[in-house]
Amino acid sequence: MADSETPRDDATPAEPEAGRGDEARSSEDRRDLQEVRRLLVGDEIKRLGQLEQEVEDLVPRAVDVGRILPDAIDAANAEDTARLGESLTPAVEGALHRSVRKNPRALADVLFPVLGPAIRKAIQTSLAGMIESFNRTLENSVSPSSLKWRLEARRTGRPFAEVVLLHTLVYRVEQVFLIHAESGLALAHAQSPTITAEDPDLVSAMLKALEDFASDSFGEGERDPIQQVAFGDKVLHVAAGPKVLVAAVVRGNPPPDYSVRMAEAVERVHTDFGDELEEFSGETAPFDRADDVLAALLDEKIARPKSAKLIMVVWVVITLIALGLLAWGVTAFITWRMDERDRRNAQEQQVKDLGENFGVLSNLSQSMEQAIAELAASQDVRDQALAAKAERRRRLIAAMHTAPGLMVMEIGDDGDRLLLTGLRDPDGADPDQVMRDAGVDPAVVEALWQPFMSFEPSIVLTRSGRVLDPPDGLDLAMRGDVLVASGTADHAWIIRARLLAPTIAGVSAYEDDGVTDLDVAALQAVAARMAAMHVSFPPGSPEPAIDDDVRMALSAVIDELEATAGRADRLVRVELRGHIESQEIGHGVLDLKQRRCEAVKHELELLHEGVRLFFVVVEQQDDVAGATPPAGLDHLRFVDFAVIDTGAGGDDG
Amino acid sequence: MTARYKVCMLGAFAVGKTSLVRRYVHSIFSDKYLTTVGVKVEKRDVTVGGDTASLVLWDIQGEDDLVSIRESYIRGAHGVLLVADGTRKETLDKALELHERTRKLVGPVPAVILLNKSDLTAEWELDDDHIASLESEGRAILRTSAQTGAGVGEAFDAIARGMHEA
């Protein structure tokens, strides 16, 4: 520490004079002294050191604080804006006060851009509110003038309030200038708050220039200032004095005394500002005091359209209207009383009716509840009916789908009935039967069938059966599209079937190999019977020993042969074969055989004149020696028969 | 201190008075006033010696053989700007003549002679010795160019200073 050096300096001058032996003692004294100092002022020295350190630390600490201060403020703002504002308010207020006291212009300059618009806005808002209020008041008022002005406002597009103001305004002084007569400089200026004026300095100067111009151009020698300049609905009034002019821009017609007031103002300015005007060299500040004089000239007067006479007329009109209203009121009251009585009676009747209606309503309510219940029930029934209908429809479609020869094209509903459109083969299933089998009443189905031909094998077989009409014992069957017949049938059917079967729709071929022709079989049976028959001859005689029984038997068999051959459509030849005995040889054998056959033939032809039989004599080369007589004969003198089928016959054999 | 000074712009026809004023201020009036009533008033606020002053400039129609300046426009002037066209020597004479007439009307008010169209050096007609001799008589003379703006501000500052100190 620096302080510790001082006592050492104080002790130093004694040391050179002391001897070497004194050094130890001196050192001891110094220690003692230090000890004494420590005991006496040790705490103060320590405290002093601390203070010095604090002073030295102050500057860097301020730098540190300055560094973190913005962040600290940000942090405080983020945490609690209000608290920081409260803390800073007294300091900021104090600083502002000091700043204003020290230099008001600084703050004014800062606030100028803010104050100007704010003041203008406040004034505009205030004026707009006033105009609006005025407008509303006017809108609610009705008078002949207001109607006229309303029309004018509509025609010119101006606000109604503005039109009214213009018409009711007798006059309004919009601006007043105090102008230095010689230089034309504006010494002071006042204006109505409702107008916007140009720079008074420029306007004053130009006014003065114009005034000079007019005076120079049209004046007669002596200076004769302008007193009035009219432009549009405004008039510039000028009151001139030796040193100043007072110019007022007036809208409308001011009262006659206004020019007097202006002249008085000019005089007052001359009186009040005589010295300033005399010494005027451009300094206008002293004339600020003239503002009051000018403001007194800012005057306006709104018209009072209702004169006393008009008010009287208005009162008379109002009184008449009131009397009229009274008379009308009395009449209306009497009428109302009468109507009231009638209405009361009507109301009583209505209450009565209402009671009855209530009863009806109550019954109606019960009926409605019942109706609703029935409706619900009917809904169930309808649901069930719908379900049944759907099921019926499903079954019908399924059945029709499997039924042969029926094809459903479309199915729909018509109330409780089913509408069905489809194709039907006449040889197919019976639709009504199919419906019944499916559990559907044919009566609820309205079917519209279009005919068609099905090639289903079962339908083709049915169709074949219908066309061919097979006899008992004959069966028809389909093998693919081939119609196969089997069993027995007469020859005529067989022939017809062979002709018709191939023409049946769905039949590509016809087979009847398995069919036995009954007529052919019968022909063969008759032929066999005839072959077993013979005609006997006496020995050596060419004439047959034939009795009536033989003759009848022969006739019958020949008729049968004829008939069966006709039915079987066969041509049959009956051959006659003559036989002789060995004893008769020598008597012209061949001739005898011939003669005997011819005799039988003749006999047969007598018996039958059929067309399908013809008889042929065949020479029988009998081996007489080995021949044996037929059954029922004991000799060989006979003629027998052989029936030969010669093929298919024709119509005339 | 708030002062208003009337300053008259005087000079021959077409020396550039209106152009100089237009360079210096923004007008609200039409130039037609110059031809109808012979004057147009403009204004500009200036700061002189720490005070604010308004220069009300009377731009008076130029004078020639046919048109003479209305003296009533000059009355009350606190200062005059006498404008000459440097490319027309005779306009300087007109300016000096007008200066004399002004003195008679309004007294020895501050006056500055402006030699305008200084940008047209090739056509310059004025003799430097003549100008020097005028300056030696105590006249304030400045070269201006309404075209380039050179010297315009200085000219108005000079007249404002002169009036303020008067």
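The values are calculated or read from the model by the stated rules, or taken from the named source; none is laboratory data. None of the values given here were measured: they were computed from a predicted structure. FYI the Cβ positions are ideal-geometry reconstructions off the backbone, even for glycines, and counts take in every protein chain you see.
Working only within region A:405-459, note down all residues that are of a type in the set (K, R) and more than 18 Å from A:I504 (Cα to Cα). Listed by number, the residues that qualify are A:R417, A:R436. The single condition among (1) farther than 20 Å from B:K6 by Cα; (2) modelled with pLDDT of 80 or more that A:M206 does not satisfy is (1). A Cβ distance below 9 Å, combined with a sequence gap of six or more or placement on separate chains, defines the contacts here; from region A:141-167, residues that are modelled with pLDDT under 75 reach residues that are among the acidic types (D, E) and part of a loop (DSSP other than H, G, I, E, B) in the pairs A:L166/A:D233.
Where strands (runs of 3 or more DSSP E) fall entirely within region A:549-653, those with at least 3 residues that are modelled with pLDDT of 75 or more are at A:570-578, A:638-648.
Residue under question is A:T194, and the condition is that it be away from chain B (no Cβ under 14 Å) and within 60 Å of the chain's Cα centre (by Cα); does it hold?
Values: away from chain B (no Cβ under 14 Å): yes; within 60 Å of the chain's Cα centre (by Cα): yes.
Spelling it out, A:T194 is indeed away from chain B (no Cβ under 14 Å) and within 60 Å of the chain's Cα centre (by Cα).
Evaluation of A:M400 against the conditions (1) at pLDDT 85 or above; (2) touching a strand residue (DSSP E or B) at 6+ places or on another chain (Cβ under 7 Å) shows that the sole unmet condition is (1).
With respect to B:L57, is the statement that it is within 10 Å of another protein chain (Cβ to nearest Cβ), touching a residue at least 40 places away in the same chain (Cβ under 8 Å) and under 16 Å from B:N116 (Cβ atoms) true?
Working: within 10 Å of another protein chain (Cβ to nearest Cβ): yes; touching a residue at least 40 places away in the same chain (Cβ under 8 Å): yes; under 16 Å from B:N116 (Cβ atoms): yes.
Against the criterion (within 10 Å of another protein chain (Cβ to nearest Cβ), touching a residue at least 40 places away in the same chain (Cβ under 8 Å) and under 16 Å from B:N116 (Cβ atoms)), B:L57 qualifies.
Kindly evaluate B:A155 against the criterion of being surrounded by 14 or more Cβ atoms within 10 Å (Cβ to Cβ), touching a residue at least 60 places away in the same chain (Cβ under 8 Å), part of a helix (DSSP H, G or I) and among the small types (G, A, S). Break it down stepwise before answering.
Details: surrounded by 14 or more Cβ atoms within 10 Å (Cβ to Cβ): yes; touching a residue at least 60 places away in the same chain (Cβ under 8 Å): yes; part of a helix (DSSP H, G or I): yes; among the small types (G, A, S): yes.
Yes, satisfied.
Does region B:79-97 contain at least one residue that is under 20 Å from A:A214 (Cα atoms) and either within 12 Å of another protein chain (Cβ to nearest Cβ) or under 13 Å from the mean Cα position of the chain (by Cα) (or both)? Step through it out loud before you land on a result.
Of region B:79-97, the ones under 20 Å from A:A214 (Cα atoms) are none.
Checked against the condition, which is being under 20 Å from A:A214 (Cα atoms) and either within 12 Å of another protein chain (Cβ to nearest Cβ) or under 13 Å from the mean Cα position of the chain (by Cα) (or both), region B:79-97 yields no hits at all.
What do you reckon, is A:V520 crowded, with 17+ Cβ neighbours inside 10 Å, within 28 Å of A:G566 (Cβ to Cβ), aliphatic (A, V, I, L, M) and out of contact with any Lys or Arg (no Cβ under 6 Å at 6 or more places or on another chain)? Criteria met by A:V520. Checking each residue in region B:134-152 for being in contact with a helix residue (DSSP H, G or I) (Cβ under 9 Å, 6 or more places away or on another chain) and in a loop (DSSP other than H, G, I, E, B) picks out B:R139, B:T144, B:S145, B:A146, B:Q147, B:G149. Evaluate region B:44-53: report whether one residue or more is more than 11 Å from chain A (Cβ to nearest Cβ), touching a strand residue (DSSP E or B) at 6+ places or on another chain (Cβ under 6 Å) and either under 23 Å from A:A214 (Cβ atoms) or at pLDDT 90 or above (or both). Looking through region B:44-53, at least one residue is more than 11 Å from chain A (Cβ to nearest Cβ), touching a strand residue (DSSP E or B) at 6+ places or on another chain (Cβ under 6 Å) and either under 23 Å from A:A214 (Cβ atoms) or at pLDDT 90 or above (or both).
Evaluating B:H99 against the criteria (1) part of a helix (DSSP H, G or I); (2) touching a strand residue (DSSP E or B) at 6+ places or on another chain (Cβ under 9 Å); (3) over 24 Å from B:G151 (Cα atoms); (4) not acidic (D, E) leaves one unmet condition, (3).
Evaluate region A:271-289: report whether one residue or more is among the hydrophobic types (A, V, I, L, M, F, W, C), surrounded by 16 or more Cβ atoms within 10 Å (Cβ to Cβ) and either in a helix (DSSP H, G or I) or outside the structural domain of A:I179 (by TED's automatic domain parsing) (or both). Walk me through it before giving the result.
So in region A:271-289, the residues among the hydrophobic types (A, V, I, L, M, F, W, C) come out as A:273, A:277, A:280, A:285, A:287.
This time we only want the ones that are surrounded by 16 or more Cβ atoms within 10 Å (Cβ to Cβ), so: A:273, A:277, A:280, A:287.
Narrowing further to those that are either in a helix (DSSP H, G or I) or outside the structural domain of A:I179 (by TED's automatic domain parsing) (or both): A:277, A:287.
Looking for residues that are among the hydrophobic types (A, V, I, L, M, F, W, C), surrounded by 16 or more Cβ atoms within 10 Å (Cβ to Cβ) and either in a helix (DSSP H, G or I) or outside the structural domain of A:I179 (by TED's automatic domain parsing) (or both), one finds at least one in region A:271-289, hence yes.
For region A:401-428, the set of residues classified as surrounded by fewer than 19 Cβ atoms within 10 Å (Cβ to Cβ), part of a loop (DSSP other than H, G, I, E, B) and touching a Lys or Arg at 6+ places or on another chain (Cβ under 9 Å) consists of A:D416, A:P426, listed by residue number.
Can B:G107 be described as without any contact (Cβ under 8 Å) to a residue 24 or more places away in the chain, within 30 Å of A:A186 (Cβ to Cβ) and among the small types (G, A, S)? Even if it seems obvious, please write down each step before you answer.
Numbers: without any contact (Cβ under 8 Å) to a residue 24 or more places away in the chain: yes; within 30 Å of A:A186 (Cβ to Cβ): yes; among the small types (G, A, S): yes.
Yes; evaluated as a whole, the condition is true for this residue.
On inspection, A:A443 qualifies as over 22 Å from A:D519 (Cα atoms), assigned to a helix (DSSP H, G or I) and not acidic (D, E). Does A:H189 satisfy the criteria of being at the interface with another protein chain (Cβ under 10 Å from one of its Cβ atoms), under 30 Å from B:G107 (Cβ atoms) and modelled with pLDDT of 85 or more? Answer is no for this residue.
One residue is enough: does region A:528-535 have a residue meeting the conditions assigned to a loop (DSSP other than H, G, I, E, B), in contact with a Ser or Thr (Cβ under 8 Å, 6 or more places away or on another chain) and not charged (D, E, K, R)? Show your work before the answer.
In the first step, residues of region A:528-535 are kept if they are assigned to a loop (DSSP other than H, G, I, E, B); the result is A:532-533.
Remaining after also requiring in contact with a Ser or Thr (Cβ under 8 Å, 6 or more places away or on another chain): none.
No; the residues of region A:528-535 include none that is assigned to a loop (DSSP other than H, G, I, E, B), in contact with a Ser or Thr (Cβ under 8 Å, 6 or more places away or on another chain) and not charged (D, E, K, R).
Taking the criterion of being more than 21 Å from A:V643 (Cβ to Cβ) and either touching a helix residue (DSSP H, G or I) at 6+ places or on another chain (Cβ under 8 Å) or at pLDDT 90 or above (or both), the residues of region A:509-540 that qualify are A:A509, A:Y510, A:E511, A:D512, A:D513, A:G514, A:V515, A:F537, A:P539, A:G540. Condition check for B:G62 on (1) touching a Phe, Trp or Tyr at 6+ places or on another chain (Cβ under 6 Å); (2) at the interface with chain A (Cβ under 10 Å from one of its Cβ atoms): one failure, at (2).
Cβ-Cβ contacts under 9 Å between residues 6 or more apart (or on different chains), taken from a first residue in region A:313-336 that is in a helix (DSSP H, G or I) to a second residue that is among the charged types (D, E, K, R), are listed as A:V314/A:K306.
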